[in-house]
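Novice: If you scroll down you'll find the structure; I have some questions about it.
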Amino acid sequence: MLAAITPKTKAIVIANPNNPTGNFMPAADFVRIAETGLPFVVDEAYIEYAGLGMSQVGLLKRYENVMVTRTLSKAYGLAGLRFGYLLASKAVIDTIASTLIPWNVGTMPMWAALAAFEDTEALAERVTFNNDQVRYIGEELSEVEGLNVLPSQANYILMDASDAGKKGGDMVEFALKKGIILRPQSAMYGRDGWFRITIGSAEENKMVVDVIKEFCAS
Ligand SMILES: Cc1ncc(COP(=O)(O)O)c(C=O)c1O
């Protein structure tokens, strides 16, 4: 990414953990990008699953060009609320705020978001459930020959069935016939076996494990 910077580069955005891979970038690499002085957005949409200890928010103290974005759409389970927030230096916040229309966020979503932030117990419950399910799916599917399950720190898991001789698109189609919607992923790194699942209820996760096993064995 550093090598891709040109005089035309306006901003750098990194999702951490990344989507669709679900992994974190090493902390030292954030410093390298922050040091460029370019506006640098760190998207922490899924940070709560691994915990705020993994946040890059500490960079804000040293680098005025760094911004951190978060959302209530993921671990808070409130995607329909359309509420997110930005952490940045006062100067950056003031500049962005001056471009926003008044009441760009509704009063009710604001109150609902505050209530969600205060309910730390419920957040911990959802995070524990999610992380247990990520572990369960990973363990179950690690037995499947030729299926590469990428370790995830988020609420989705990216998989590659190329070594099982399978295409990701065929997996998605197979699952759809069984009533399960998977996320297709285009070919990358010379492989076309990619697909992504999102964590659901325990029952749904068991179903998806069985369907993936069935597809890989077919
Ligand atoms: C990395 C990342 N950032 C942000 C978002 C968007 O969240 P919101 O619902 O707040 O628009 C998503 C949603 O898929 C995401 O994957």
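Novice: DSSP beta bridges in region 2-111, what fraction antiparallel, as a percent rounded to 5?
Specialist: 35
Novice: Still on this structure: Go through region 36-49 residue by residue and turn each phi into a ³J(HN,Hα) via Karplus (6.51, -1.76, 1.60, θ = phi - 60°); whole Hz please, and just put x for glycine and proline.
Specialist: Per residue, the Karplus-derived 3J(HN,Hα) values read 5, x, 6, x, 10, 9, 9, 8, 9, 4, 10, 4, 5, 5 Hz.
Novice: If you take every DSSP beta bridge fully contained in the chain, what fraction is antiparallel? Give it as a percent rounded to 5.
Specialist: 65
Novice: Applying 1/(1 + (r/R0)^6) with R0 = 45 Å to the Cβ-Cβ distance of A112 and S218, what FRET efficiency is obtained, to the nearest 0.05?
Specialist: Once rounded, the FRET efficiency stands at 0.50.
Novice: Mean Kyte-Doolittle of at least 0.5 plus a Cα span of 15 Å or more along the axis: flag which DSSP H helices in the chain meet both, please.
Specialist: 107-118
Novice: Which value, in debye to the nearest 20, gives the size of the charge dipole of the chain about its Cα centre, when Lys and Arg are +1 and Asp and Glu are -1 at the Cβ?
Specialist: 780
Novice: Right, another one. Under a 5 Å amide H to amide H cut-off, with H placed in plane at 1.01 Å, what residues pair with T71 once short-range neighbours are removed?
Specialist: Residues meeting the amide H criterion: Y85.
Novice: Search the structure for amide H atoms under 5 Å from the amide H of G200, placed 1.01 Å from N in the peptide plane, and list their residues when 5 or more places away or on another chain.
Specialist: Here N205 satisfy the definition.
Novice: Using only the alpha-carbon atoms, what does region 12-169 span along each of its principal axes? Please give whole angstrom values in decreasing order.
Specialist: Cα spread of region 12-169 along its principal axes, largest to smallest: 55, 38, 30 Å.
Novice: Note the direction-averaged projected area, equal to a quarter of the hull surface, for the Cα convex hull of region 121-217, in nm².
Specialist: Taking the Cα atoms of region 121-217, their convex hull projects to 5.9 nm² on average.
Novice: Note down the net charge around S152, summing +1 for each Lys or Arg and -1 for each Asp or Glu among other residues with Cβ under 11 Å from its Cβ.
Specialist: +2
Values quoted throughout were computed directly from the atomic coordinates according to the rules given, and no laboratory measurement underlies them. Everything quoted here is computed from the prediction, not taken from an experiment. A quick note on method: Cβ atoms are made from the backbone with ideal geometry, for glycine too, and the neighbour counts reach across all protein chains shown.
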